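J.: Handing you this structure, nothing more for now.
The values are calculated or read from the model by the stated rules, or taken from the named source; none is laboratory data. Keep in mind the model is a prediction, meaning the values are calculated, not measured. When we count neighbours, we look across all protein chains shown, and the Cβ atoms used for this are built from the backbone with ideal geometry, even at glycine.
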Amino acid sequence: MLTAHLPSGYVLARCLPKGIPALMPAALIGAILPDIDMIWFHFVDDRAFHHHRYWVHVPFFWLVVASVALPLAWWLGWLRTAFVFFAAILMHLILDSIGGGIMWAAPVSDHLFALVTVPPTYGHWVASFILHWTFLAELGVWGAAILLWVRRRQSTVSLEGP
Ligand SMILES: [Zn+2]
């Protein structure tokens, strides 16, 4: 997924009950955090590997992190916030599985599982992804986020009155 991780976090937060502490930051940070590996991908490894092979894109890594963090979050009283964060991470990995591939079976296998293989139809890989039908999923996420944002603005304005 190229562009829709941040709006997917917004959609997640807007679909959950409002009483969760730090709901929006947890959802937004979790929704984009796995792509922090792009820094290493571009500036250290010089794009030598598919960035979905870095540990922040491996579900097993997050399973281990969650198994430590969730009990700690429960003890600190932040369990619901931690669940939102890990749900956003999981959502990121699922969305990346549409056309990018995720190592769902790691550490048993290093195979990148993808719902659809996007062929290198155009000269640049970004063009191949944007002009592939799977990009409609990204547009759908963006559309949902914009719709929810507009609805919230309208309800805020109507609460404030003229
Ligand atoms: Zn990603």
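J.: I need every pair where a residue in the stretch 14-29 that is touching a residue at least 12 places away in the same chain (Cβ under 8 Å) has its Cβ under 8 Å from the Cβ of a residue that is surrounded by fewer than 14 Cβ atoms within 10 Å (Cβ to Cβ), sequence separation at least 6 or different chains.
T.: Going by the 8 Å Cβ cut-off, the qualifying pairs are Arg14/Arg152.
J.: Now, a different point. Do we have Val157 as more than 21 Å from the chain's Cα centre (by Cα) and surrounded by fewer than 12 Cβ atoms within 10 Å (Cβ to Cβ) here?
T.: On the way: more than 21 Å from the chain's Cα centre (by Cα): yes; surrounded by fewer than 12 Cβ atoms within 10 Å (Cβ to Cβ): yes.
Spelling it out, Val157 is indeed more than 21 Å from the chain's Cα centre (by Cα) and surrounded by fewer than 12 Cβ atoms within 10 Å (Cβ to Cβ).
J.: Report, ordered by the first and then the second residue, all pairs with beta carbons closer than 7 Å, sequence separation of six or more or different chains, a first member in the stretch 38-53 that is without any contact (Cβ under 8 Å) to a residue 12 or more places away in the chain, and a second member that is surrounded by 13 or more Cβ atoms within 10 Å (Cβ to Cβ) and in a helix (DSSP H, G or I).
T.: Qualifying pairs under 7 Å: Arg47/Phe41.
J.: Select, from Thr134, Thr81, the only residue that is at pLDDT 95 or above, surrounded by 12 or more Cβ atoms within 10 Å (Cβ to Cβ) and among the polar types (S, T, N, Q).
T.: Values: Thr134 fails: at pLDDT 95 or above.
Just a single option satisfies the conditions, and that option is Thr81.
J.: Mind listing whichever residues of the stretch 1-13 are in contact (Cβ under 8 Å) with a residue 60 or more places away in the chain and within 16 Å of the ligand (Cβ to nearest atom)? Please lay out each step first, then the result.
T.: Step one: list which residues in the stretch 1-13 are in contact (Cβ under 8 Å) with a residue 60 or more places away in the chain, which gives 1-5, 7-13.
Selection gives Met1, Leu2, Thr3, Ala4, His5, Pro7, Ser8, Gly9, Leu12.
J.: Step by step: first the residues of the stretch 120-134, then only those that are touching a residue at least 24 places away in the same chain (Cβ under 8 Å) and in contact with a helix residue (DSSP H, G or I) (Cβ under 9 Å, 6 or more places away or on another chain), then the one that is nearest to Ser97 (Cα to Cα). Which residue is that? It would help to see each step written out before you state the result.
T.: Taking the stretch 120-134 as the starting set, the residues that turn out to be touching a residue at least 24 places away in the same chain (Cβ under 8 Å) are 126, 129-130, 132, 134.
Restricting the remaining residues to those that are in contact with a helix residue (DSSP H, G or I) (Cβ under 9 Å, 6 or more places away or on another chain) gives 129-130.
Numbers: Phe129: 13, Ile130: 16 Å.
Going through the qualifying residues, I end up with Phe129.
J.: Continuing with the same structure: Determine whether the stretch 90-102 contains at least one residue that is within 21 Å of the chain's Cα centre (by Cα) and exposed (fewer than 11 other Cβ atoms within 10 Å of the Cβ).
T.: In the first step, residues of the stretch 90-102 are kept if they are within 21 Å of the chain's Cα centre (by Cα); the result is 90-102.
Those left that are additionally exposed (fewer than 11 other Cβ atoms within 10 Å of the Cβ): none.
Looking through the stretch 90-102, none of the residues is within 21 Å of the chain's Cα centre (by Cα) and exposed (fewer than 11 other Cβ atoms within 10 Å of the Cβ).
J.: Got a sec? Which helices (runs of 4 or more DSSP H) wholly within the stretch 34-105 have at least 2 residues that are over 26 Å from Ile130 (Cα atoms) and within 16 Å of the ligand (Cβ to nearest atom)?
T.: Numbers: elements: 37-43, 59-76, 79-96.
Helices (runs of 4 or more DSSP H) meeting the threshold: 59-76, 79-96.
J.: Can you tell me which of (1) within 15 Å of the ligand (Cβ to nearest atom); (2) surrounded by fewer than 20 Cβ atoms within 10 Å (Cβ to Cβ); (3) in contact (Cβ under 8 Å) with a residue 40 or more places away in the chain is the one Ala114 doesn't meet?
T.: (3)
A quick yes/no check of all residues on (1) surrounded by 15 or more Cβ atoms within 10 Å (Cβ to Cβ); (2) modelled with pLDDT of 95 or more:
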residue	(1), (2)
Arg14	yes, yes
Pro25	no, yes
Ile29	yes, yes
Ile39	no, no
Ala48	no, no
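J.: Tally time: how many residues in the stretch 25-82 are farther than 25 Å from Phe113 by Cβ and among the hydroxyl-bearing types (Ser, Thr, Tyr)?
T.: Result for the stretch 25-82: 1.
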